[in-house]
Amino acid sequence: MMDGVSDFDAVLFDAGGVLLLPAPREIRRILEPYGATAGDDALVRAHFAAAHAMDRARADGDSADWRAYHRSYARSAWRCSRATRREF
């Protein structure tokens, strides 16, 4: 081991959901009480739309804007479900 460097078993870099994505089944479990019924493909697309929204929101800053991600994800999931705007 080099001075000042720790030992690592593994390092994983995931560039914006290329390798790892939010699990549609778990997301649906969270959103169903609000009336959202989006399918797996729609929830995956919602992730990428939300990641893009977060990138736009932080264009002038250094840190991720998770509020922008969550708002965009919910909007996208709502559009692809049978929920009404009032329920969501």
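The values are calculated or read from the model by the stated rules, or taken from the named source; none is laboratory data. Only a predicted model underlies this, so the values are computations on that prediction, with no experimental measurement involved. Methodologically, a virtual Cβ is constructed for each residue, glycine included, from the backbone with ideal geometry; neighbour enumeration extends over all protein chains shown.
Structure data summary
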{"quantity": "Those residues of the range 48-63 which are at pLDDT 75 or above and among the charged types (D, E, K, R), in sequence order", "calculated": "D55, R56, R58"}
{"quantity": "Hits in the range 64-85 (condition: modelled with pLDDT under 85 and closer than 15 Å to L31 by Cβ)", "calculated": "W78, R79, C80, S81, R82, A83, T84, R85"}
{"quantity": "Search result, residues across the range 1-39 that are modelled with pLDDT of 85 or more and in contact with a Leu (Cβ under 8 Å, 6 or more places away or on another chain)", "calculated": "P22, P24, I27, R28, A38"}
